[in-house]
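What follows is calculated from the coordinates using simple rules that are stated; it is not laboratory data. Computed from a predicted model, the values in this text were never measured in an experiment.
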Amino acid sequence: MGATPSSTSRAVSSTSMSSTTKYPIVGPNDIMSKKRHGSSNGPVQEELRWHVSRKKADNICNFNRHFAEPSGSAFKNQKYLDEFKNAKANGVTMKFYDSVTGVLLFEAPKSRSHDAFERESRLHGWPSFRDDEVNWENVRCLKNGECVSLTGTHLGHNLPDRNGNRYCINLVSIAGHPVESKA
């Protein structure tokens, strides 16, 4: 089965992006068009990382365009905090995967410390990513600032500040387990 014209127009290889790429990469509104399961082709994964609520994740990811999980939810989740603390202690980044498809969406921290990532995220109430922490092969922003996966998962919003683009993302939207690529 070949790629459809609309899917090829959305694909961006990491080799085609350069240091001159302007972020965020804006996608067409039809990314979020109605599909088999809300804005996605299926529900969130059966079991999500950090024991986040599957029901809440499915609602926010697939049947929501404007609302978010409550501010500070990520920082009340001990499983998430423990994984973050472990990544910090080992000096490694954390990877965040789409709760529906399991594709890589974000990896942080990059170009800043774990403390800076945590401080900014706590200050704003949601995990907050910068341009170089976004996997642009799988993420787009719509003209209204909504941040989405290419398959239609609602992630959060781009809320730029004096330091540039800041993607405030719902933890329930990036709590997926990685899925091997079938390509």
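Between T21 and K110, the contour length at 0.36 nm per residue exceeds the alpha carbon distance by 30.3 nm. When you work out D = kT/(6 pi eta Rh) for segment 33-174 at 20 °C and 1.002 mPa s, using the Kirkwood radius from C-alpha pairs as Rh and the Stokes-Einstein form, the result is 143 µm²/s. Of all the options L48, L159, L104, the one that moves most in a Gaussian network model of the chain with Cα springs shorter than 10 angstrom is L159.
Can you compute the helix-only [θ] at 222 nm over the chain? Use -39500 (n - 2.57) per DSSP H run of at least 4 residues, normalise by all residues, nearest 500 deg cm²/dmol. Spell out each step's value before the answer.
Working: 4 runs with 39 residues, N = 183.
It lands at -6000 deg cm²/dmol.
Considering only Cα-Cα distances, which of the following residue pairs are longer than 21 Å: K95/K143; K88/K110; K55/K79; K34/K56? Distance filter (> 21 Å) returns K95/K143. Between T93 and S33, the contour length at 0.36 nm per residue exceeds the Cα-Cα span by 18.3 nm.
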